[in-house]
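The values are calculated or read from the model by the stated rules, or taken from the named source; none is laboratory data. What you see is a predicted model, and the numbers here were worked out from it, not measured in a lab. Methodologically, a virtual Cβ is constructed for each residue, glycine included, from the backbone with ideal geometry; neighbour enumeration extends over all protein chains shown.
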Amino acid sequence: MAITIAVSGKGGCGKTTLAAMMIKELVAAGSGPVLAVDADPNACLAMTLGVEVLGTVADLREQARSKTPSNAGTDRLSDFEYGLSSIITEARGFDLVSMGRPEGPKCYCAANNMLRRFLDKLNDQYAFVVLDNEAGMEHLSRRTTNHVDLLCMVSQPSPIGRITAQRIVEITKSLPIEIRRSGVVWSRTDQADDLEGIETLTCIPEDQDVLDACMQGRSIFDVQSSLAQRAVSRMLRDTSMLKN
C-alpha cells in the first residue's frame, strides 16, 4: 500500500506549493512512482507541477451518477475505471489526478463507491500518494481515502492562521479514517510558537525563488535550489517519509 501524505490549509497559505515541493523531493529521491491528487476545487497543483490536466474525477462522477442503473454493474464499473484511467496525467516520476469541483446536492454514493474501489487499486501501483486538499478536506471526509500516514496542516503564524490550524485539527478528529501522524507546517517564517497539543512539523522560510516561480506561473521543478525546498526535504526525513 502506498504511503499517503495529505496537505490541508486555507487558500493562499502555501499548501499547494508545499504539496508540489514534497512531490519534487520524492521524485528526486527515487523513492518510487508518486501519485499526485489535486483534491482542491480551486485546482492549482497541475500548474505548480508544470503539467496539464486531462480531465477531472468530478466530470466522470457526474456522468456515472446520471446514468440509469442497470444489472450490468460490472460494465458500469469498467466504464468508470476506463474513464479514470484516461484522465491520469503522466509525467516524469509522478502521475496526477484532479478531483475537480465539489459534489452537488444529489446523491453520489454509487459513484463515490466506484471511485473508492478504483483509488484503492490505484494505490497499489504507487510508492507515495500526495493529496492537496482544501481546508475542509472534503476528499478525505468522503472516505475516498482510507488512511493518511502524514497530515500536514499548512498555516502562517498569525492569529488567524493559528485559529485555522486548530480548526483543521478539530475536523480531522471527526473523519472516519486513520491518520497516523499530523502536525502544522508554518509557512513563510523561520520560527513559530507551537500550538498546544499539536506537533510542529517544520517552518518553511520565505523564499524569493519559489515566490517568483509562483507569481510567474512556472513549475516548482524550474526552481533549482531553495531554502524552502531544503526545509521540505528535512521534514520528510524527520517524519520518516524518506530515509536519511
Handout entry: Whichever residue in the stretch 123-154 is at pLDDT below 80 and of a type in the set (Gly, Ala, Ser) and, among such residues, is nearest to Val232 (Cα to Cα)
Key = Ala135
Exercise for the section: Would you check if there is a residue in the stretch 212-221 being surrounded by fewer than 17 Cβ atoms within 10 Å (Cβ to Cβ), in contact (Cβ under 8 Å) with a residue 24 or more places away in the chain and not in a loop (DSSP other than H, G, I, E, B)? Expected result: no
Practice task
Go through (1) free of Cβ contacts under 8 Å to residues at least 60 places away in the same chain; (2) of a type in the set (Val, Ile, Thr); (3) in contact with a Cys (Cβ under 9 Å, 6 or more places away or on another chain) and name the single condition Ile198 misses.
Solution key: (3)
Fill in the blank from the handout: Over the stretch 224-240, the set of residues in contact with a helix residue (DSSP H, G or I) (Cβ under 8 Å, 6 or more places away or on another chain) and either touching a residue at least 40 places away in the same chain (Cβ under 8 Å) or in a helix (DSSP H, G or I) (or both) is Ala228, Gln229, Val232, Ser233, Leu236
Completion exercise
By residue number, the members of the stretch 160-185 that are modelled with pLDDT of 90 or more and of a type outside the set (A, V, I, L, M) are Arg180, Arg181, Ser182, Gly183
Completion exercise
Scanning the stretch 168-195 residue by residue, the ones that are surrounded by fewer than 20 Cβ atoms within 10 Å (Cβ to Cβ), in a helix (DSSP H, G or I) and either without any contact (Cβ under 8 Å) to a residue 24 or more places away in the chain or not polar (S, T, N, Q) (or both) total 4
